[in-house]
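Below is one structure, written out as C-alpha cells, with a few remarks after it.
The values are calculated or read from the model by the stated rules, or taken from the named source; none is laboratory data. All of these numbers come straight from a predicted model, not from anything done at the bench. Cβ sites come from the backbone with ideal geometry, for glycine too, and all protein chains shown count toward neighbours. The accessibility values were calculated without ligands, DNA or RNA, using every heavy atom of the protein model including side chains. Shrake-Rupley method; radii C 1.70, N 1.55, O 1.52, S 1.80 Å.
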Amino acid sequence: MLRLIARGILARKLRTALTSVAIVLGVAMVAGTFILTDQINNAFDDIFETGNSKIDAVVSRQTEFDSFEDPSPPMPESVVDDVAGVDGVALSEGQVSTQGQLVVGDDVISSQGGAPAIVVSNVSPEINPSVALEGRLPENPGEVAVIKDVADREDLQVGQDDVALATAVGTRPVELVGTFRYGDVESIGGATVVLVTLGDAQRWFDREGQVTNVFATADAGISENDLANRIRAVLPAGLEVETAAENAQAQSDDIAGEISGFLTPALLAFAGVALFVGAFIIFNTFSITVAQRVREFGMIRTLGATRGQVMTSVVGEALVIGVIASVVGLLAGVGIAWGILRLFDAIGFGLPAAGIEVRPRTIVAALLVGVVVTVAAVVGPALRATRVPPIAAVQEGATLPPGRFSRFTPYLAGLVLVVGLALLVYGLAAGLGATEALQVLGLGAVLVFLGVGGLARFIVRPLARFIGAPIEALAGTTGHLARANATRNTARTAATAAALMIGVGLVAFVAIFAAGLKDSFTGAIDRTLQGDLILQTDTFSPFPAAASGVVDSTEGVAASQFLRFPEVRTEPGGSQFLNTIDPTTAAQVFDFDWQDDASDALFAQLGTDGALIETNLADSAGLATGDRFTVTTNRGESASFTVLGEYRDPVLFTGITVTGAAADGLDIPGDPSVGVVLFDEGADGDAVKQEITDRMDADFPTVQVQSNAEFKEEFEGQIDQLLALLYALLAISLIISLFGIVNALVLSIYERTREIGMLRAIGTTRRQMRAIVRYESIITAVIGGVLGIGIGILFAWVLARGLEDQGIGFTLPVGTLVVFLVLAIVAGVLAAVLPARRAAKLKPLDALHFE
Amino acid sequence: MTSPTPPSPDGAAPRDGLAVSARDVTKRYGSGDAKVDALRGVSVDFPRGQFAAVMGPSGSGKSTLMNILAGLDTPTSGSVMIDGTEITTLKDRQLTMLRREKVGFVFQFFNLLPMLTAEENLELPMSIAGRKIDPEWEKELVGAVGLDDRRRHRPSELSGGQQQRVALARGLISRPAVLFADEPTGNLDSATSEEMLRLLRRSVDEFGQTIVMVTHDGRAAASADRVLFLRDGEIVEDHGHLEADAIYDVVKSLE
Ligand SMILES: Nc1ncnc2c1ncn2[C@@H]1O[C@H](COP(=O)(O)OP(=O)(O)OP(=O)(O)O)[C@@H](O)[C@H]1O
Ligand SMILES: [Mg+2]
C-alpha cells in the first residue's frame, strides 16, 4: 500500500506540487505569524530588560488604565528626595519622559511607522542604559543626543547647527552633541528618541517641578524586593514602586498582551482564510483525481484490496502531501514573517523585531495545522473512492458512484448557508462582547462560504452562459467549447470557483466596508464641523496647547475649538471618550444633531458640572437627561456630571461632551488632539490658512493645518493604506485559489487528452487550443469573482446594518468592484498560462494513443 | 493473383491526380537496443476516389503509416504528399491548416465531444476553422448517415453506431481530399459495422471520396477497392478489390 501511495505521488508530480502549494502558503502564514510575533515580543523584551538593567526599582504614577493621550503622567519632583531618604537607597534620580519631535531645517523628523517620538531626560551614567556612540550625551541646557538609528536614517551629524526640538512652548534650537544606543539596541522600533537634560525637559514640556519616573539603586546587600518594599513605605498616595525586573516584565507583558490579543489572532485569521481556501482546493483536486482513477481503484479491488485499503491509499497520499507541504510551509514561514514585517513598515506600522527564532510551538502548530487540514479535506473524496466496485476495472468509461448522501448535499448546503446567515445576524444583534461577536461572525462567514460553495454547482451553468456569452460572441467556436467545458462538470467548476470566491469575497467585503467607513466619517465631518480648517498631528497624538494662541491671534479667525478626547471610565457606561469643547463658540463651530428638546442653548449651561451625552451611551448605560454619572480618568481623578441633553454623533463625538474647564478640573492634560478653526465671514480663507500654516511651521511644526477637504482626503488615504495591508494579506488566499484553478485545469486537460488530440487532428490550431483553455479559465475565475463579490456585498451590508448605531453606512464602491471583476479576468488568464501551454503541446498523435 | 513485390511506383512519374502519395517512408522509434523500425521504406500512392484498406498483423505498422500519411506524425525519412502538397516539411500551423482543408478522420474511439450535440460535433471542423458550412451538403450528409432526428442529441444519448456515424459525417463535412479511418469498425458489432462500411462505400461512390482505412476485419477490407498488406513495416502485398475469403487467405499466409 505504501508503495502504491509513493508511486501515485511520483506519477503525478505536477499535481502533487500544485496541490502542495495550497497548503504550503497557508502553513507558511501560520508559521510566519508565530515567528513574527515572537520576534516582536523578543525585541520588546530586550528593549525593556536592557533599559532597566542598571537600576533596582522604579517609581511611577499609579494609573487606572493606559491612556494614549497621557502615557506617562507626572509626579512632584520632591519624590526624588523622598526616595533618596529611604535607608538602603544608594541613588535616586528623576526622569521626564514625554513626546516631542526633532526638527531639522524645515523638516519635522517623524518616527518610522507610527512609533512615538520620544523625548527623555538624561540620567547619571551609573544608571543610564544609553551609551554614547559618537560625541557624548547631553550635559548642559540646549544639548541633545539622538538614537543611532534616527541619526543614520536622517543623516545627522554631531555639531550640525540646524537642529531644533518641537516643544510645548514652541520650537527650540538645540545643539546635537551625540548619538547613542539604548542598551544593546540602536533602534527602538523606528521611534525617534531624543535625550535632553532634565531641566530642558521640564521647561520645554510643561513639567516644571515634576518628573515622570524616579529610578533607584540599592546599597550593596539589599535585594530589589527589599528596596521596593522600603520605598513603598514612604511613597505618597497615587504612586507605585516596582522592582526593575517587575517593571520590565510589566512593560513587556503590556506589549505581549497587545500582540497576542490583537496582532496574532488577526494574522492567524488571515492564515485561516488561506488554509480554508487551500482545503477547498485539496478537496477539489482529490475529488477530480479520485474520479479519474476509478478504473485503478476497481482494479486494486479485484486484486483483493478492501475498502479500508482504498481509503488508506487516498488518505495516505494526502498525509504525505500534508507533511511535505507543512515542512516546506514552515520554512517559508520565515519568509512570510519577513514579508509581513516589511509590509507593516511600508504602510507605516514599523515594529521592532529581534532575530528569527522558530520555537517548538511554531513547529508543532504549523505541522499539525497543515496535516490536519489536508487530511480532513480529503476524507470526502476518499470515502467516495471506497465506493468504487471491483467491476469498474473492466467497465469502459466507469464513473465514480455517487456518494451515499449525495441526494442530500444541496439541502445540507442550503442548511449550512442559512445557519451561516443566522450566525451573522446573531453575532451583530445579540450584543456579544467583541471577541465572541468576532468568533460568531467568523464562523458565520465560514458557513456562508461553505453553503454557497456547496450550492454553487447549481448556478454554474446559468452563470457560465451569462459570462460566456460575450466570449462566445467574440471568439465563436473556441468560446463555445470553453463554455461547454466549464459546464460539463459543474461540481468541479463550482469547487474551483469557490476557492477564488472566498478570497474575492473577503476582498470585496473589506473594500465595501471601507467605502462605508469613509463615507460615514467624511459625512460626519461635513455634518458636524462648521469650521474651515482642521488642525492635528500626523499621528493624531496631542499637540501643544500653546498652539491655540497662534490661531487665536491670527487676523480673520472668527472662532476656534481645541478638542481633547481623553479616554475615561464612566459609571455606568465603561470606557468612553470625554470630548472637551469650548462652550463659548461651540454653537458657531459645531452643528450637533440634538435629540428630543436639546439645543445649542445647552452649551452655555454646561459649566463644570454638566455633560452632553451621545445616544449610544445614553442607551447602553441607561442614562437620561437629569441623571448623574461619575467619570474616572487614567490618573484616578473622579468627578460627577449631570446629563443636560443628548445628541447623536457616533463618529466624531462619541461618548461624553463636557467643557474644557471641566476637564481641567479632572487634571486631564491640556494638550489638544484636534483644532477646528472658523474664519470670519468675508475673510480671505487662503490667506488666513497660509498665515496659520506659516506660523505653525515656525513654532509648532508638528501641527498640520488642513482644510476640511484635505483632512477628509488624508483620512481616506489612511483607510486606503489599511485596505492595502488587508489586500496584501488576502492576496495569499487569492494566489492559492489561482493555483487551484491551474490545478483543476491541468487535471481536466489530462482527462481530455484524447479529445484535445481529436480537436487538433481535425484542424484546431495551437493558438485556438490555448484560447479554449484560457476562456474556460476566465469563465471559472469570473464565476468565482461574481460569487465572491456577491458574498462581499452581503457581508458588508449585514455588517453595516449591524453597525448602524456606530454611524457606519453602506456604500457600494461600484468602480472598485468593477476593477475586481477585471482582475478576476486577469487572474483567469494568468491561471491558464501553464495549462494552456500543456494543452497546446499535446500532439494529435499522443492524444490518440492515450488511454 | 498475387503480386508478391510491393509496387514501386516510378519515382519520376508525376504525382498529381493522387490524393496521397508516400515515397520511401521509414519510421524508427527509439534508438540502440530499444529501437523499433515501425516502417522500413514504404512507397505507396492513393489516387483520388479510391477506397483503400490497409491490413496486417498487430504491430506491423498500419497505424504508424496512417498517422504519417495524415500528417499527424513525421517520418524518420521519406516524403509524403497530400493533394500535391509535400507535408513532411510543414510546420505545425501549416499542417493544421492543411488538415482543415484536405484531411478528414474517423477514429476507433468515436472521439465526439460529450458536451456538444451531434450536430455541433459534426460541424466542428468547419466552425473551428471559421469556415462557412454548406447547408445543402450538411443536409445531404446527415441524411446519408441517417441522423436527421438525432441532431440535437448529445453523444451520451446515442448508440455506438450512431456516434460513429456522427464521426463519419464530421470527417466528411469539410469535403477533404482524403479521409483516414483507423479501425473505424473496431468498436462496433457486426451489424453496425456493416452499416458503417456501407456508408463509407457510398461516400466513395456518390461523392468520389478518397478513403484510407486501417482494419483487422476482412469483411471490412472486402468493401474496399484495394487491399494493402503490411508486415514488419513493409508493404508485402497490394491487391485490387478482394473478397473476404481471399483476404483471410492472405492474412493466414502472412502469419
Ligand atoms: N510511440 C512509439 N514508440 C515506440 N514504438 C512504437 C510507438 N508507436 C508504435 N511503436 C511500435 O511500432 C510498431 C508499429 O506500431 P503500429 O501502432 O503502427 O502497429 P499497428 O500495425 O497499428 O498494430 P495494431 O494492429 O496492434 O494497432 C510496433 O512494434 C510498435 O510497438
Ligand atoms: Mg494500430
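Under the combined filter of DSSP loop state and at most 16 neighbouring Cβ atoms within 10 Å, the range A:79-178 retains these GluC sites (Glu not before Pro): A:GLU139, A:GLU154. Helices in chain B, meaning DSSP H runs of at least 4 residues, each add -39500 (n - 2.57). Divided by all residues, the mean residue ellipticity at 222 nm is -10500 deg cm²/dmol. Computed from the C-alpha gyration tensor, the three semi-axes of the ellipsoid equivalent to the range A:708-755 are 44, 10, 4 Å, from longest to shortest.
Only Cα pairs under 8 Å and 6+ residues apart enter the sum, and on that basis the relative contact order of chain A stands at 17 percent.
Taken as Cα centroids, the range A:449-489 and the range A:131-151 sit 68 Å apart, rounded to the nearest whole angstrom. Remark on B:GLU237: its backbone amide H falls under 5 Å from those of B:PHE229, a criterion applied only to residues 5 or more positions apart or on other chains, H modelled at 1.01 Å from N.
Inverting the pair-averaged 1/r between distinct Cα atoms of the range A:370-488 gives 17.9 Å as its Kirkwood hydrodynamic radius.
Measuring heavy-atom accessible area with a 1.4 angstrom probe and counting protein chains only, the residues of the range B:46-84 that give up at least 30 Å² relative to the chain alone are B:ASN67, B:LEU72. Rolling a 1.4 Å probe over the protein chains gives A:ASP582 an accessible area of about 60 Å². Pairs of lysines in chain B whose Cα atoms sit within less than 28 Å of one another amount to 15, provided the residues are eight or more positions apart or on different chains.
Burial here means at least 20 square angstrom less accessible surface with every protein chain in place than with the chain by itself, probed at 1.4 Å; in the range B:111-147 the buried residues are B:ASN111, B:LEU113, B:PRO114, B:MET115, B:LEU116, B:GLU120, B:LEU124, B:PRO125, B:SER127, B:ILE128. For the range A:71-244, the alpha-carbon coordinates run over 49, 32, 30 Å along the three principal axes, in decreasing order. Between A and B, buried accessible area from a 1.4 angstrom probe totals roughly 2300 Å², ignoring ligands, DNA and RNA.
Suppose we flag trypsin sites (Lys or Arg not before Pro) only when DSSP calls them loop and at most 11 other Cβ atoms lie within 10 Å. Which is the longest uninterrupted stretch of chain B? Segment B:153-255 is the longest. Computed over the Cα atoms of the protein assembly as shown, the ratio of the radius of gyration to the Kirkwood radius (Rg/Rh) comes to 1.14. Counting only Cβ charges, +1 for Lys and Arg and -1 for Asp and Glu, the dipole size of the protein assembly as shown around its Cα centre is about 9940 debye.
First check a/c for the range A:530-707, with a ≥ b ≥ c the square roots of the eigenvalues of its C-alpha gyration tensor; if it is under 1.5, answer rounded, and if not, answer prolate when a/b is larger than b/c or oblate otherwise. If you can, show how the numbers build up before the last one.
Numbers: a/c = 2.36, a/b = 1.64, b/c = 1.44.
Prolate.
Against chain A, whose longest principal axis comes from its Cα atoms, helix A:360-386 is set at around 30 degrees. Projecting the Cα atoms of A:LEU275, A:ALA337, A:ASN247 onto the charge dipole of the protein assembly as shown, computed from C-beta unit charges around the Cα centre, puts A:LEU275 farthest toward the positive end.
Keeping the other protein chains in place, figure out the carbon and sulfur percent of the accessible area of the range A:663-799, with a 1.4 Å probe. All intermediate terms of the calculation are to be shown ahead of the outcome.
On the way: 2620 of 4820 Å².
The nonpolar share, carbon plus sulfur, comes to 54 percent.
Averaged over the residues of A:476-482, the number of partner chain Cβ atoms lying within 10 Å of the residue Cβ comes to 4.
Axis of helix A:814-841 versus longest Cα principal axis of chain A: the two differ by about 40°, to the nearest ten degrees. Close amide H contacts of A:LEU563 (hydrogens built in the peptide plane, cut-off under 5 Å, sequence separation of 5 or more or a different chain): A:SER673, A:VAL674, A:GLY675, A:VAL676.
Remark: the range A:203-220, residue by residue, has Karplus-estimated 3J(HN,Hα) of 5, 7, 10, 6, 10, 4, x, 10, 9, 9, 9, 10, 9, 9, 10, 9, 5, 4 Hz, where x stands for each Gly or Pro and the curve is 6.51 cos²θ - 1.76 cosθ + 1.60 at θ = phi - 60°. Counting only DSSP beta bridges with both residues in the protein assembly as shown, the antiparallel share comes to about 70 percent. Taking amide H as placed 1.01 Å from N in the peptide plane, the amide H of A:ALA558 sits under 5 Å from that of A:LEU678, A:PHE679, A:ASP680, each at least 5 places away or on another chain. Summed over the residues of the protein assembly as shown and divided among them, the accessible surface reaches 41 Å² per residue at a probe radius of 1.4 Å. Computed 3J(HN,Hα) for the range A:696-706, one whole-Hz value per residue from the Karplus formula 6.51 cos²θ - 1.76 cosθ + 1.60 where θ = phi - 60°, is 5, 4, 6, 9, 10, x, 7, 7, 9, 10, 10, glycine and proline marked x. Straight-line cross-link partners of A:LYS689 among the lysines, defined as a Cα under 21 Å from its Cα and at least 8 positions apart when in the same chain: A:LYS712.
Restricting to Cα pairs below 8 Å that are 6+ residues apart, what does the relative contact order work out to for the range A:191-340? Please round to a whole percent. Can you show the working numbers first?
On the way: 20 pairs, mean separation 11.1, N = 150.
That works out to 7 percent.
Counting only Cβ charges, +1 for Lys and Arg and -1 for Asp and Glu, the dipole size of chain B around its Cα centre is about 720 debye.
Along the range B:213-218 the Karplus relation, 6.51 cos²θ - 1.76 cosθ + 1.60 evaluated at θ = phi - 60°, assigns HN-Hα couplings of 10, 8, 7, 9, 9, x Hz to successive residues, with x for each Gly and Pro. Note on A:VAL379: accessible area is roughly 60 Å² with a 1.4 Å probe, heavy atoms of protein only.
Using a probe radius of 1.4 angstrom, the carbon and sulfur fraction of the accessible surface of chain B is 47%. For the pair the range A:44-117 and the range A:249-281, the centres of their Cα atoms are 30 angstrom apart. With Kirkwood's inverse mean 1/r over C-alpha pairs for Rh, give me the Rg to Rh ratio of the range A:761-851, two decimals please. On the Cα set of the range A:761-851, Rg over Rh gives 1.28. Between the helical axis of A:460-475 and the longest alpha-carbon principal axis of chain A there is an angle of about 80 degrees.
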